[in-house]
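The values are calculated or read from the model by the stated rules, or taken from the named source; none is laboratory data. Values in this document were obtained by computation on a predicted structure and should not be read as measured data. So basically every Cβ, Gly included, is an ideal-geometry build from the backbone, and we count neighbours across all protein chains shown. Protein only, heavy atoms only, side chains kept; ligands, DNA and RNA dropped before computing areas. Shrake-Rupley method; radii C 1.70, N 1.55, O 1.52, S 1.80 Å.
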Amino acid sequence: MCCIILRATCILAYRSGIPRRTGVRTGVGTLSKLVRSLRAFHRELNRDVPPVQPTDHVPSIGLALGGGFARGLAHIGVLKVLEEEKVPINFIAGTSVGALIGAVYASGVCPKEMAEIAGLVRFRDFARWTVSRLGFASNDRMTAMLRRWLKVKSFEELRIPLAVIATDFVTGEAVVFRSGELIGPIRASCAYPGMFLPVTLNGRLMVDGMLAYSVPTTPLRQMGAERVLAVYLKAHWVNSHPPRSVFDVIGQSFSIAQTKMSSLWQADADVVMEPEVQGVAYDAFDRAPALVRAGEEAARRALPRIRQWLQQPAVTPTHAPAVQPAHAALKS
């Protein structure tokens, strides 16, 4: 190696214009500097460089909470299990009752307290019957109810980033709220067409977000979630019995449409949880304990898959998500 260095040094010295017959001392000094430089370069090349250590990357997880009126109380059970198992939720997106539950949780209310509140809620607490060509009821009472429940007033104050989904009634476009005050967007997201009056926000007529995203998985991807856990409250309004009112007709019609279009939002989900809520009436808030329990059971069925997320690199799904089936019948 020394011979190679010396030879390279001589070539560099020759090309650098070192005199061959005169100025010997000057040439020798320059030659010595070049030798030292090349030897230092050689040492640097052979220096042991520690290998790059891989970093443990925990994928960011988003939770999509679908709509379902009273059935949405099952979301509380899902949140309870995820919190107990220390599953980190980085983003939440909610439609209709999912928006309400997601906002209350993201504001700092724990699942245990939410379950206690849910046991006391009745339809009259957030809705009042009215005479209008646009609906049978108004959800304006939700304003006072949310002021009591929410620990903050705006999206910016939430401890977990939240997206609330509504639908522009005129254009049919999804409206994704992520900033500003909370109560108005939640009311708009919960304005079920035909039952509740539309809600006007920023000059736009808004209705329930389920018309745009019945389960808002896509907004979570747009927020940056690498893994998406979806909660789908699949239940028809009419089963063995015939429809009892116009609400059953409206609800059953939307339920059929949602089922037919479920593949759209499932494309952005990694795991879909389906709490067993079949047969629960839209206003059966008195069944809160059983609904919360159904959410817990669905979440625990999904835990093995979620734990795998925390050990594998995140990849956007290109196939159908794993659906956790509902097994046990809902108990009162």
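Data overview
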{"read-out": "Cross-link reach list, aspartates and glutamates versus K234, counting only Cα pairs under 14 Å and skipping chain neighbours closer than eight places", "value": "E274, E276"}
{"read-out": "Carbon/sulfur fraction of accessible area - region 75-222, other protein chains in place, 1.4 Å, %", "value": "52"}
{"read-out": "Cross-link partners of K112 among aspartates and glutamates (Cα-Cα below 20 Å; sequence separation of 8 or more within a chain)", "value": "E83, E84, E85, D286, E296, E297"}
{"read-out": "Packing rank of 293-301, 92-100, where each peptide gets the mean count of other beta carbons within 10 Å, highest leading", "value": "92-100, 293-301"}
{"read-out": "Accessible area expressed per residue, region 108-175, with surrounding protein chains retained (probe 1.4 Å, Å²)", "value": "58"}
{"read-out": "Cα gyration tensor shape of region 178-306, rounded if a/c is under 1.5, else prolate or oblate by comparing a/b with b/c", "value": "oblate"}
{"read-out": "Tensor-based shape of region 144-217 (alpha-carbon gyration tensor, a/c under 1.5 rounded, otherwise prolate or oblate)", "value": "prolate"}
{"read-out": "GluC sites (Glu not before Pro) restricted to region 53-113 and DSSP loop, no more than 16 other C-beta within 10 Å", "value": "E85"}
{"read-out": "Per residue solvent-accessible surface (Å²) - region 258-312, probe of 1.4 Å", "value": "44"}
{"read-out": "Residue-by-residue Karplus 3J(HN,Hα) for region 121-132, coefficients 6.51, -1.76, 1.60, Hz, glycine and proline x", "value": "6, 9, 3, 5, 6, 10, 9, 9, 5, 8, 9, 7"}
{"read-out": "Among 102-110, 66-74, the order from most to least packed when residues are scored by Cβ within 10 Å on average", "value": "66-74, 102-110"}
{"read-out": "For region 153-194: rounded, prolate or oblate by the Cα gyration tensor [a/c cutoff 1.5]", "value": "prolate"}
